[in-house]
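Take a look at the structure set out below.
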Amino acid sequence: MSIIPYIIPRTFSNMRGNRLSHLMTALTIAFVVLIFGLSTLIYFNLHRLAENYSREIRIVTYIDPALPPEDIENLKAKVLKLRGVAKIRYITSQEGYQRLVQQFQDEKDILAGLGEDFLPPTLEIEVTGTMHNLERIRPLVSELTSLPGITDVYYGKEWVERLRRAADFTRLITLAIGGLLLLTTIFVVSNTIKLTIYLRRNELETMRLVGATNFFIRGPFVLEGMLQGLVGSGLAMLALFALFEFLKTQVNFPGFIRFFSPIFLPVPVVTGIIAGSIILCATVSAFSMRQFLRV
Amino acid sequence: MHNNAVIIIIRTTFADKLKNKMDSPLIELKHVYKSYEQDFTVLEDINLRIGKGEFVFVNGPSGAGKTTLLKVILCLERSTKGEVWVDGINLKRLSNYKIPYLRRRMGMVFQDFKLIENLTVFENVALAMEVCGVKKSVIEQKVDQVLKSLGLEIKKRIYPRRLSGGEQQRVAIARAVVNDPLVLLADEPTGNLDAGRAADIMSLFNEISARGATVIFATHNQELIRSTAKRVIILNQGRIVT
């Protein structure tokens, strides 16, 4: 003996009886989830971009040109021992000059009048995989700065930090939209359920009189909520994907990110958003029923 | 020898319990009060015993507390004071969770029928079995049988709004009896019907009672009561007069 076979058809008959209201609810959910998804998508790609640039980070240290060769060897050994250093490469003043000559082959005038030793010798440092996070690089940079013989330390911190700030800001926006999503869904779904309850109050009353349990009465409403969440968030994800594909072909990314190809939200994130919407709508439906389910 | 003594004791205890159960009324109200606000008492010191298979009229003017009395028995309302027992269950101690299961053992018929407009006659009656989780095949068989016994088999696919008042009340009775309830509670079931239809409905209740169900029939219709020789409980301003 099970009441499940009776709950499912009742859900669909409830929804048929209140079609317009359910459609509007699903569309509202779709709209809010679309905004949330869009902001998640932007955050996700900005974060990826920042991660990619972090990976490209090379720390360049300038070495005092007056440092004797044996001190340079000592310095290289010390740097190699520092935590997070994967590889180092020593570039003499002459090698540095040759690199510049190659880079400015067509504009040799730029280098006219500069001697081969105008650049200080440098140490190029590659960091280990675990050091890509800026927060971890900072202590390494300060250790390098404190080493005698090193005059300056450079890394592409401005760009990476700017990207990270943008990603953090987007995350804040995403969280705010998430909150908005929560409130809107609670408001819209609970109102739809309350309207349905009002329209069907006589039927629900009769069901109570003939001995229906709260589960039997509540079941179709919770299922309705789940379906609204599924349809709304599913539509939103489809619309977001279409929007993403359209924008990818239309937008020309500016210089420094022109080689970055944005990707759509990964499957687990999409699944999470849909599952979250379903759970949220079902919970709101169940709670909206509570006041009705008295003895 | 020892084992035989144990068996005899068990048999005796079981027999005593069975006898007590048979002797005890199906419904018993002990000093029951029901008030909605401090100075608005609807039922006052109600003491009542109704035996298994009894047919009882509850009579009294409008506002006497007839409907509230039925609601208290069906556990739609909790008594403010006193004890209500139904088939050995003290309703005061019955948790909210168990109330639906109690209601499944009782059938209730209302003056306004309380049929669901968007369900057919068949579906309205079947609902009472669906909430119990009975198999579809069993439901079909039982509902058809009950509808047939009430002369409604040709109306089973029709929606309630296309039925006459008497037919709608018969559907409501079908829904109330389809689970073979111990008790059938009726709240002014003939109130919306003309004299001829009321007599039809009355004879239906007599048939149901003859099959063994306890019937509590609330009505303010004196004619109906005079036409039978059944026990009558008269309520006035929330108190039992006789």
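The values are calculated or read from the model by the stated rules, or taken from the named source; none is laboratory data. This structure is a prediction, so every number in the text was calculated from the model and none was measured. Backbone-built Cβ (ideal geometry, glycine too); neighbour counts: all protein chains shown.
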- Please find, among A:A26, A:A30, A:A112, the residue that is among the hydrophobic types (A, V, I, L, M, F, W, C) and more than 28 Å from A:G178 (Cβ to Cβ). A:A112
- Query: So which pairs qualify, if the first residue must be in the stretch A:191-220 and in contact (Cβ under 8 Å) with a residue 12 or more places away in the chain and within 10 Å of chain B (Cβ to nearest Cβ), the second must be assigned to a loop (DSSP other than H, G, I, E, B) and of a type in the set (A, V, I, L, M), the Cβ gap must be under 6 Å, and the two must be at least 6 apart or on different chains?
  - Reply: A:N214/A:L293; A:F216/A:I3; A:F216/B:V131
- Out of A:V189, A:V127, A:V160, which single residue is surrounded by 16 or more Cβ atoms within 10 Å (Cβ to Cβ), modelled with pLDDT under 85 and in contact with a Cys (Cβ under 7 Å, 6 or more places away or on another chain)? A:V189
- Message: For the stretch A:1-58: of the residues being of a type in the set (S, T, Y) and within 14 Å of chain B (Cβ to nearest Cβ), which is surrounded by the most Cβ atoms within 10 Å (Cβ to Cβ)?
- Response: A:Y6
- Message: Suppose the filter is within 30 Å of A:H47 (Cβ to Cβ) and within 39 Å of the chain's Cα centre (by Cα); does A:R136 pass it?
- Response: yes
- Within the bounds of the stretch B:55-67, is there any residue that is assigned to a helix (DSSP H, G or I), at pLDDT 90 or above and on the phi < 0 side of the Ramachandran plot? yes
- Message: Could you check the stretch A:167-183 and list, in sequence order, the residues that are within 13 Å of A:L34 (Cα to Cα) and of a type in the set (S, T, N, Q)?
- Response: A:T174
- Task: Could you tell me which residue of the stretch B:109-128 is farthest from the other protein chains (Cβ to nearest Cβ), considering only residues that are part of a helix (DSSP H, G or I) and over 24 Å from B:F217 (Cβ atoms)?
- Result: B:F122
- Residues in the stretch B:69-101 that are touching a residue at least 24 places away in the same chain (Cβ under 8 Å), more than 13 Å from chain A (Cβ to nearest Cβ) and part of a helix (DSSP H, G or I) total 1
- How many residues does the stretch B:147-175 hold that are within 14 Å of chain A (Cβ to nearest Cβ) and not in a loop (DSSP other than H, G, I, E, B)? 8
